[in-house]
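What follows is a single structure, written as structure tokens, with notes after it.
The values are calculated or read from the model by the stated rules, or taken from the named source; none is laboratory data. Quick caveat: nothing in here was measured; it's all calculated off a predicted structure. Virtual Cβ from ideal backbone geometry, glycine too; neighbours counted across all protein chains shown. Remember, those area values only see protein heavy atoms, side chains included, never the ligands or the DNA or RNA. Shrake-Rupley method; radii C 1.70, N 1.55, O 1.52, S 1.80 Å.
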Amino acid sequence: MANILHIDSSPRGERSVSRTLSYEFVTSWKDTHPGDTVTYRDLGRNPVPHVDESWIAAAFTPPDGRTPELVEAIKLSDSLIDELLAADRYVFGVPMYNLSIPSTFKAYIDQIVRVGRTFVIDENGYKGLVDSSKKALVITSRGGTFPPGTPYAAYDLQEPYIRTIFGFIGITDVTFIHADSLSLGDDARSKSLAAAKDAIALAVANW
């Protein structure tokens, strides 16, 4: 049995493509893996706070040296990291905003990428502390398309960043399903959504 951490980051409801597709994957996964558990976090509707000065002070103060105020400042981060580490697999629904990710998802990343908890710096440089056997599935929604090998690929700041930052903490097995071309006309949108649904069905069978 596996524990799935499912996170959505779109503020939209039923009109959200990333939210709809991530739900489709998780629902189908549960149907075929009824023993697995799912922990759900909705960053789009319940965002986590951005890092502030108290958070930074707490993160760089040894636990036994923290004041009650610093303990409180880092409490949510500790909880989010514990939740991340307790999961075996991750499903992220992430729309593309301005070629990158929503600020809600970036705020979450800043809470969980923390020295001493999810990465360390040793004589060999940076080392992720999350078990490298864990897998992540990232389902994105994009208005345009950014095929590798084309001039448009350079505008994709979403997949490279997500792949790099999660690899930084140890999660290197990351699969992407892109629902792209959503603003390029009805035909392109329909074909892309159909392809994304096919990719979801394949991921349910093979992930």
Gly144 is checked against (1) of a type in the set (Gly, Ala, Ser); (2) within 19 Å of Val17 (Cα to Cα); (3) within 15 Å of the chain's Cα centre (by Cα) and fails just one. What number does that condition carry?
(3)
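Keeping to the range 83-115, report how many residues are of a type outside the set (A, V, I, L, M, F, W, C) and closer than 23 Å to Trp29 by Cβ.
7
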Need pairs with beta-carbon distance below 8 Å; first residue on the phi < 0 side of the Ramachandran plot and free of Cβ contacts under 8 Å to residues at least 60 places away in the same chain and within the range 145-157, second open to solvent by 50 Å² or more (accessible area, probe 1.4 Å) and part of a helix (DSSP H, G or I); sequence gap 6+ or separate chains.
Thr145/Tyr152; Phe146/Tyr152; Phe146/Tyr155
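Given the range 31-136, what strands (runs of 3 or more DSSP E) lie entirely inside it while holding 3 or more residues that are surrounded by fewer than 18 Cβ atoms within 10 Å (Cβ to Cβ) and at negative phi?
Numbers: elements: 37-42, 89-95, 119-122, 125-128.
Counting at least 3 such residues, we get 37-42, 119-122, 125-128.
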Enumeration of residues in the range 167-195 that are under 29 Å from Lys127 (Cα atoms), of a type outside the set (A, V, I, L, M, F, W, C) and part of a helix (DSSP H, G or I)
Gly167
Out of all the residues in the range 147-166, is one or more touching a helix residue (DSSP H, G or I) at 6+ places or on another chain (Cβ under 7 Å), within 21 Å of Ala196 (Cα to Cα) and open to solvent by 20 Å² or more (accessible area, probe 1.4 Å)?
yes
Residue in the range 173-184 that is in contact (Cβ under 8 Å) with a residue 40 or more places away in the chain, open to solvent by 40 Å² or more (accessible area, probe 1.4 Å), over 19 Å from Ser10 (Cα atoms) and small (Gly, Ala, Ser) present
no
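Pick from Val94, Val71, Val51: which is at pLDDT 95 or above, of a type in the set (Val, Ile, Thr) and over 30 Å from Asp156 (Cα atoms)?
Values: Val94 fails: over 30 Å from Asp156 (Cα atoms); Val51 fails: over 30 Å from Asp156 (Cα atoms).
Just a single option satisfies the conditions, and that option is Val71.
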